[in-house]
Amino acid sequence: MKFFIQSRNDDLSNELMDRAKTYLSDFGLEWNEESPDIVLSIGGDGTLLHAFHRYREQLATVAFVGIHTGHLGFYADWKPAEIEKLVISIAKKEFEVIQYPLLEATIHYRNDDQTKYLALNESTIKSPDVTLVMDVELNGTHFERFRGDGLCMSTPSGSTAYNKALGGAVIHPSLDAMQLTEMASINNRVFRTVGAPLVLPAHHTCVLKPVKAPDFMVTVDHVQLLHKDVKSIEYRVAKEKVRFARFRPFPFWTRVHDSFIDSDV
Ligand code: NAD
């Protein structure tokens, strides 16, 4: 089996990376940055987001596992003290693979070019200077004209991230879905939006069409880019899935509890 380790690059994460690399090599596993079977991410959720984007072209063959060197993460759910246990499990291939849905975002430009992105957490749209004004279409039918700070489309596993801060629902990642949440919509007698998060199933599309200004700040997970001359932004549940290596039961709702309510980890 081939492995790679992505570190957050702080002292503790680098020290753990060196130890894990030595142990795994001693067990006969091959360090392979180009085409690993398993990628260990050591740091936080942000480190795993980086690892995911680094291997987004190889999602069908790469399995991820996250170790947290700060607080318990959603994707980074192994403690540093468990590194030996984890390494032995990897070496003995004692793991199952679980798959979580992803979000596909396609940005169409006025010159008919397009760029496609995959998000593990979410994609957000904001206007660089003025109020965001966007027509929202669901499955090709006009739904609402949004005015406000921005819109966020998240995956189920990303529902505990930015989406949650926006008042979105926490969604179990076994559901093939995406969730649209509003950022401070303007709602009065003139302007109206639904004012509630929308959960859309796989094979539904949500297309955002600029009403005036065609330039937008678009985030895909931790990456933020200014896109100019945008014709539309199309969201759907991606065909691709992300694969996580699971070595022990750590149910999603337990992770939600331990992350947000009470935890000794
Ligand atoms: P960061 O360093 O600002 O970390 C953001 C926090 O989000 C960290 O505590 C991380 O553990 C947590 N997080 C990331 N993914 C999560 C998930 N799926 N469930 C629960 N918590 C999660 O930024 P970063 O490390 O570059 O991460 C980028 C992410 O930050 C974005 O994908 C977005 O979800 C999140 N974010 C959140 C807010 C907010 O809550 N108001 C605002 C901007 C971005």
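The values are calculated or read from the model by the stated rules, or taken from the named source; none is laboratory data. Computed from a prediction, not measured in an experiment: that's the story for all the values here. For neighbour counting, all protein chains shown are included, and Cβ atoms are generated from backbone atoms with ideal geometry for every residue, glycine included.
Listed by first and then second residue, the pairs linking a residue in the stretch 125-149 that is without any contact (Cβ under 8 Å) to a residue 12 or more places away in the chain to a residue that is acidic (Asp, Glu), with Cβ atoms under 8 Å apart and 6 or more places separating them unless they lie on different chains, are 142/135. Elements of the type strands (runs of 3 or more DSSP E) sitting completely within the stretch 86-187 and holding at least 1 residues that are charged (D, E, K, R) and at pLDDT below 95: these cover 96-109. Against the numbered list (1) modelled with pLDDT of 95 or more; (2) surrounded by fewer than 19 Cβ atoms within 10 Å (Cβ to Cβ); (3) β-branched (Val, Ile, Thr), residue 261 comes up short only at (1).
When you look at residue 51, is it closer than 16 Å to residue 5 by Cα, without any contact (Cβ under 8 Å) to a residue 60 or more places away in the chain and out of contact with any Lys or Arg (no Cβ under 7 Å at 6 or more places or on another chain), yes or no? Yes: the conditions hold for residue 51.
When we screen 161, 184 for residues that are in contact (Cβ under 8 Å) with a residue 12 or more places away in the chain, of a type in the set (A, V, I, L, M) and touching a helix residue (DSSP H, G or I) at 6+ places or on another chain (Cβ under 9 Å), the only hit is 161.
Pull up the stretch 188-238, narrow it to residues that are hydroxyl-bearing (Ser, Thr, Tyr) and within 24 Å of the chain's Cα centre (by Cα), then point me to the one that is surrounded by the most Cβ atoms within 10 Å (Cβ to Cβ).
235
Of the residues making up the stretch 70-88, not a single one is within 19 Å of residue 182 (Cα to Cα), in contact with a Phe, Trp or Tyr (Cβ under 9 Å, 6 or more places away or on another chain) and either touching a residue at least 60 places away in the same chain (Cβ under 8 Å) or of a type in the set (A, V, I, L, M, F, W, C) (or both).
Let's see how each residue does on (1) in contact with a His (Cβ under 8 Å, 6 or more places away or on another chain); (2) closer than 25 Å to residue 242 by Cα:
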residue	(1), (2)
95	no, yes
105	no, yes
146	no, no
156	yes, yes
159	no, yes
183	no, no
187	no, no
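For residue 242, the criteria (1) farther than 30 Å from residue 5 by Cβ; (2) crowded, with 16+ Cβ neighbours inside 10 Å; (3) not basic (Lys, Arg) hold in every case but one, which is (1). Residue 240 passes every criterion in (1) part of a strand (DSSP E or B); (2) within 14 Å of the ligand (Cβ to nearest atom) apart from (2).
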